[in-house]
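Visitor: Sharing a structure here in structure tokens format.
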Protein chains: 2
Amino acid sequence: MYIVGIGPGHVSHMTPAAQQALQEAQAVFGYTTYIDLVRPLVEDKKIVSTGMRQEVDRVRRALQAARQGSVCALVCSGDPGIYALAGLVFEMCRENSIPIGDSKDSLKLEVIPGVPALGAGSALLGSPLMTDFACISLSDLLTPWEAIEKRIQAAAWGDFVIVFYNPRSKKRNWQLETARKLILEHRSPGTPVGLVTSATRQEESVSLCTLDSLDCNHVGMQTTVFIGNSRTFIYGSRMITPRGYHEKYQLEMREA
Amino acid sequence: MYIVGIGPGHVSHMTPAAQQALQEAQAVFGYTTYIDLVRPLVEDKKIVSTGMRQEVDRVRRALQAARQGSVCALVCSGDPGIYALAGLVFEMCRENSIPIGDSKDSLKLEVIPGVPALGAGSALLGSPLMTDFACISLSDLLTPWEAIEKRIQAAAWGDFVIVFYNPRSKKRNWQLETARKLILEHRSPGTPVGLVTSATRQEESVSLCTLDSLDCNHVGMQTTVFIGNSRTFIYGSRMITPRGYHEKYQLEMREA
């Protein structure tokens, strides 16, 4: 069974290993939107596409098929190990005492990494992640808000660049604004903020603002939010966190 | 000018967009080891490969060539925006007032994301990054150790999974052990630790230990270190951080 990261969306950012795994698979499982992104590659396969929030059912069905001997591919956007389905597959294997590994009676599981949303978004913005960063999901469906809030405070105090996944949905409409206020206790109002929605897909959009001017109402489910650290700057409409070369080296274009 | 992430090393994990950028380039710049990884793709190009620690010189030469009208590709391993060269390119453009953008007199810069070491390593280990994580470089060449230490403390306190880049070199031989002790103030000795060296390359190696038993002497420059959070577990020799499905859903294999 392959757990396949298809990357941010456009096929030009999907690795050959991911394409190969989809080709080898007899059955392909995934959220409808992600299946649509790879539709041309899987048209001749058995496809099990399900809606949002049905991930437990989706993984269960894929595991059942794989246990019956079918080569299965579970499709994830971005990287399967970053807020996607790899963890749920392993959790479910443990809960059901399904042996995993290379031996004859074990389930062979392979995770195929993909370009994560944080990398695709960073590339479009410039280079916001050039130094230490923290990645936090603002979804409190599976994690208590208290734990999320503690992490936001830790990341803000530690001057990490912060990447928010799942920043906002119709029902989860206050978390990003709360996070913004928490960060403002540690960081200047002018801190650059980058918003990337649906990187590399048709509906891609990229915008910059500041921590002070961030209007959370314009952020949706498909947006990844990048909050700069104390040294992040804007140059030529790019968001850049310096790594520190400037302090150590002559950066003039003539030979130093 | 393209700043190209070639991924962890093996060509099967390099995106079509990265391959396309290397094909379009007239001149290719990079650290010798990374150039060697893509040698078959760039054999007919002008190649400027330089040794370690010469990154300022490498970027300066690439920028000079690009300003003179050459289509250049600057090769980075993993993702160019994560401890690689994207930031230095932008820093140097600002220092030298080189206009960047799409207009006629500007330098056109495109960052091509790649599968980062944290993603390639995570896939080999299992799913250690399924919930919030912090990524920290232990190199104090460009960042003061005090700032790094503060971030380690913040990440340990916030119960982030922690990914260490640049954990150790011949000269930087005490930082990882210091980090380990700082984390032990917040986290149990039995916390799973995953070590991934040269993911997807010929010399790839993957191993697991605990925070208590981590022998820093066996960690080198090419190793990425994954420290679990308070809930990370080992199952079937995989390192897994649960996202929390177990608390919310029935994970039995029969229909719930």
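Visitor: Calculate the length of the line joining the C-alpha centroid of segment A:88-133 to that of segment B:1-65, in whole Å.
Guide: 26 Å
Visitor: Would you list which aspartates and glutamates come within 17 Å of B:K46, measuring only between C-alpha atoms, while excluding same-chain residues fewer than 8 positions from it?
Guide: In chain and number order, the partners are B:E24, B:D36, B:D57.
Visitor: Got the A:S230 label distances to the other copies yet, label 7 Å along Cα→Cβ, in nm, shortest first?
Guide: 2.8
Visitor: Using Cα pairs closer than 8 Å and at least 6 residues apart in sequence, work out the relative contact order for chain A, in percent.
Guide: Working: 473 pairs, mean separation 47.6, N = 256.
Relative contact order comes out at 19 percent.
Visitor: Can I ask one more? Can you tell me which of B:K171, B:K181, B:K45 moves the most in a GNM of chain B? Springs connect C-alpha atoms under 10 Å apart.
Guide: B:K171
Visitor: Further question on the same structure: Taking the DSSP beta bridges in segment A:1-140 as the whole, what percent of them are antiparallel, to the nearest 5?
Guide: Working: 1 of 18 bridges.
Around 5 percent antiparallel, to the nearest 5.
Visitor: Further question on the same structure: Roughly how big is the protein assembly as shown's charge dipole about its Cα centre, with Cβ charges of +1 (Lys, Arg) and -1 (Asp, Glu), in debye to the nearest 20?
Guide: Values: 52 positive and 52 negative charges, 4 e Å.
The calculated dipole for the protein assembly as shown is roughly 20 debye.
Visitor: Right, here's the next one. Pick from B:V196, B:V225, B:V111: which residue has the top mean-square fluctuation in a GNM of chain B where Cα pairs under 10 Å get a spring?
Guide: Highest fluctuation of the listed residues: B:V111.
Visitor: Would you give the gap between the C-alpha center of segment B:178-220 and the C-alpha center of segment A:193-256, rounded to a whole Å?
Guide: First find each Cα centre; the distance between them is then 32 Å.
Visitor: Considering amide H positions built from the backbone, and no H for Pro or chain starts, which residues 5 or more places from B:V71, or on another chain, come under 5 Å of its amide H?
Guide: B:Q26, B:A27
Visitor: Let me ask something else. Give me the percent of DSSP beta bridges within the protein assembly as shown that run antiparallel, rounded to the nearest 5. Write down the numbers at each step before the final one.
Guide: Working: 39 of 87 bridges.
Bridges in the protein assembly as shown are about 45 percent antiparallel.
Visitor: A further question on this structure: Using +1 at the C-beta of Lys and Arg and -1 at the C-beta of Asp and Glu, which of B:W174, B:Q202, B:M239 has the Cα lying farthest in the positive direction of the dipole of chain B?
Guide: Result: B:W174, furthest along the dipole toward the positive end.
Visitor: First select every other residue whose beta carbon is under 14 angstrom from the beta carbon of A:S198; then total the charges, Lys and Arg +1, Asp and Glu -1.
Guide: Working: positive: A:R201; negative: A:D36, A:E203, A:E204.
Taking every Cβ under 14 Å from that of A:S198, the sum is -2.
Visitor: Where in segment A:29-68 is the amide nitrogen less than 15 Å from a point lying 7 Å along the Cα-to-Cβ axis of A:K171?
Guide: Of the residues in segment A:29-68, A:51-56 have backbone N under 15 Å from the label point off A:K171.
Visitor: What does the charge count near A:G30 come to, summing +1 for each Lys or Arg and -1 for each Asp or Glu among other residues with Cβ under 13 Å from its Cβ? Each step should come with its number before you reach the end.
Guide: On the way: positive: A:R39, A:K45, A:K46, A:R58, A:R61; negative: A:D36, A:E55, A:D57.
Counting the neighbours of A:G30, the net charge comes to +2.
Visitor: Under unit Cβ charges (Lys, Arg +1; Asp, Glu -1), what dipole magnitude, rounded to 20 debye, does chain A have relative to its Cα centre? Walk me through the intermediate numbers first.
Guide: Working: 26 positive and 26 negative charges, 70 e Å.
The dipole of chain A has a size of about 340 debye.
Visitor: Okay, moving on. Rounded to a whole number, what % of the accessible area of the protein assembly as shown do carbon and sulfur atoms account for, probe 1.4 Å? Intermediate values should be presented prior to the final figure.
Guide: On the way: 9370 of 20060 Å².
The nonpolar share, carbon plus sulfur, comes to 47 percent.
Visitor: Now, a different point. Show me, for segment A:193-198, the HN-Hα J-couplings you get by feeding each phi into the Karplus relation (A = 6.51, B = -1.76, C = 1.60, θ = phi - 60°), rounded to Hz, glycine and proline as x.
Guide: Each residue's phi maps through the Karplus curve to give 10, x, 10, 10, 10, 6 Hz.
Visitor: Taking +1 at the Cβ of each Lys and Arg and -1 at the Cβ of each Asp and Glu, which of A:G158, A:P116, A:F133 sits farthest along the dipole of chain A towards its positive end, judged by Cα position relative to the Cα centre?
Guide: A:P116
Visitor: Follow-up. If we count every other residue with Cβ under 10 angstrom of A:N217's Cβ, Lys/Arg +1 and Asp/Glu -1, where does the sum land?
Guide: Values: positive: A:R168; negative: A:E177, A:D215.
Combined, the nearby Lys, Arg, Asp and Glu give -1.
Visitor: For segment B:118-240, give me the percentage of DSSP beta bridges that are antiparallel, rounded to the nearest 5 percent.
Guide: Details: 17 of 24 bridges.
Within segment B:118-240, antiparallel bridges account for around 70 percent of the total.
Visitor: So what's the convex hull volume per residue for the Cα atoms of chain B, in Å³?
Guide: Looking at chain B, the number lands at 162 Å³ per residue.
Visitor: Relative contact order (percent) for segment A:118-240, with alpha-carbon contacts under 8 angstrom and 6 or more residues of separation?
Guide: 32 percent
Visitor: Mean separation of Cα pairs under 8 Å and 6+ residues apart, divided by the residue count of segment B:14-130: what relative contact order is that in percent? Kindly include the intermediate steps, with their values, before the conclusion.
Guide: On the way: 134 pairs, mean separation 29.9, N = 117.
Across segment B:14-130, relative contact order equals 26 percent.
Visitor: Okay, next question. Output the Cα-based Rg and Dmax of the protein assembly as shown in Å, rounding Rg to one decimal and Dmax to a whole number.
Guide: Rg, Dmax (Cα atoms, Å): 21.7, 69.
Visitor: Let me ask something else. Given Cβ point charges of +1 (Lys, Arg) and -1 (Asp, Glu) and nothing else, what value in debye, to the nearest 20, does the dipole of segment A:172-214 about its Cα centre take?
Guide: Values: 5 positive and 5 negative charges, 24 e Å.
Charge dipole of segment A:172-214: 120 debye, to the nearest 20.
Visitor: Using Cα positions and a limit of under 17 Å, work out the lysines in reach of B:K45, with same-chain residues fewer than 8 apart set aside.
Guide: Leaving aside lysines fewer than 8 places away in the same chain, none come within reach of B:K45.
Visitor: Kindly count the pairs of lysines across segment B:140-256 whose alpha carbons are less than 30 Å apart, treating pairs on different chains or eight or more residues apart as eligible. List each step's numbers first, then the result.
Guide: Numbers: B:K150/B:K170; B:K150/B:K171; B:K150/B:K181; B:K170/B:K181; B:K171/B:K181.
Final tally of qualifying lysine pairs is 5.
Visitor: Mind listing P(r) for segment B:179-256? All alpha-carbon pairs, 10 Å bins, whole percents.
Guide: In order of increasing distance, the bins hold 16, 40, 27, 13, 3 percent.
Visitor: What are the nm distances, shortest first, from B:E24 to its equivalents in the other copies, labels at 7 Å along Cα→Cβ?
Guide: Result for B:E24, in nm, nearest copy first: 3.2.
Visitor: Given a 1.4 Å probe, how much area per residue of chain B is accessible, in Å²?
Guide: Values: 10050 Å² over 256 residues.
I get 39 Å² per residue for this part.
The values are calculated or read from the model by the stated rules, or taken from the named source; none is laboratory data. Because the structure is a prediction, the values reported are computed rather than measured. So basically every Cβ, Gly included, is an ideal-geometry build from the backbone, and we count neighbours across all protein chains shown. Surface accessibility is based on the protein's heavy atoms, side chains included, excluding ligands, DNA and RNA. Shrake-Rupley method; radii C 1.70, N 1.55, O 1.52, S 1.80 Å.
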